[in-house]
Amino acid sequence: MADKSNSHTIETIGKKLDELAIQMERVQIADYIALLNKPRRLFFLNLMTGIARGIGIALGFTIFAATIIYFLQKLGALNLPIIGDYIAEIVKIVQAQLNVDASIR
C-alpha cells in the first residue's frame, strides 16, 4: 500500500515538473537570464526599442494631426455659421505654427 502511495506521489511530482518545464520554456526564462547577464546587449535592445517607439509615436501623431486638419478644412469649407468660423481660426493658427516651425529649420 505504501509503495502504491509513493509511486503515485512520484508520478504527481513528475507531472508537475513537466508542467513547470513547459511553462518556463513558454516564458523563455533562460533567454531572459542570458539577457540580464549581458548588460550591453540589454542597453542596446532598450535603446533600439525606445527609438522605434519614439519614431512610431511621431509618425502616428503626424498622420493623426494631418487627418484632423484635413477634416477641419473640409468642415470650414462648408461655411457653417458659428462652427465654420471657429474651425477656420483653428486651421489658421495651426498653419501659422507650421510655417513658423518650417522657417526655423
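Each reported figure results from applying straightforward, stated rules to the coordinates on display, with no laboratory input. These figures come from a predicted structure and were not determined experimentally. For neighbour counting, all protein chains shown are included, and Cβ atoms are generated from backbone atoms with ideal geometry for every residue, glycine included.
Select from the chain the helices, each a whole stretch of DSSP H, whose alpha-carbon atoms run 24 Å or more along the helix axis and whose Kyte-Doolittle mean is at least -1.0; answer none if there are none. Before the final figure, lay out each step's value.
Details: long enough: 2-27 (37 Å, -0.63); 39-77 (56 Å, 1.11); 81-104 (35 Å, 0.83).
Qualifying helices: 2-27, 39-77, 81-104.
For the chain, with the dipole built from +1 on Lys and Arg beta-carbon atoms and -1 on Asp and Glu ones, taken about the Cα centre, which of Q95, A65, L17 lies farthest toward the positive end?
Q95
For the chain, give the magnitude of the charge dipole about the Cα centre (Cβ charges: +1 Lys/Arg, -1 Asp/Glu; no others), in debye to the nearest 20. Present the calculation step by step, with values, prior to reporting the outcome.
On the way: 11 positive and 9 negative charges, 65 e Å.
Computed charge dipole of the chain: roughly 320 debye.
Going Cα to Cα from K15, which aspartates and glutamates come in below 17 Å? Please leave out same-chain ones fewer than 8 positions away.
Those aspartates and glutamates meeting the cut-off are E25.
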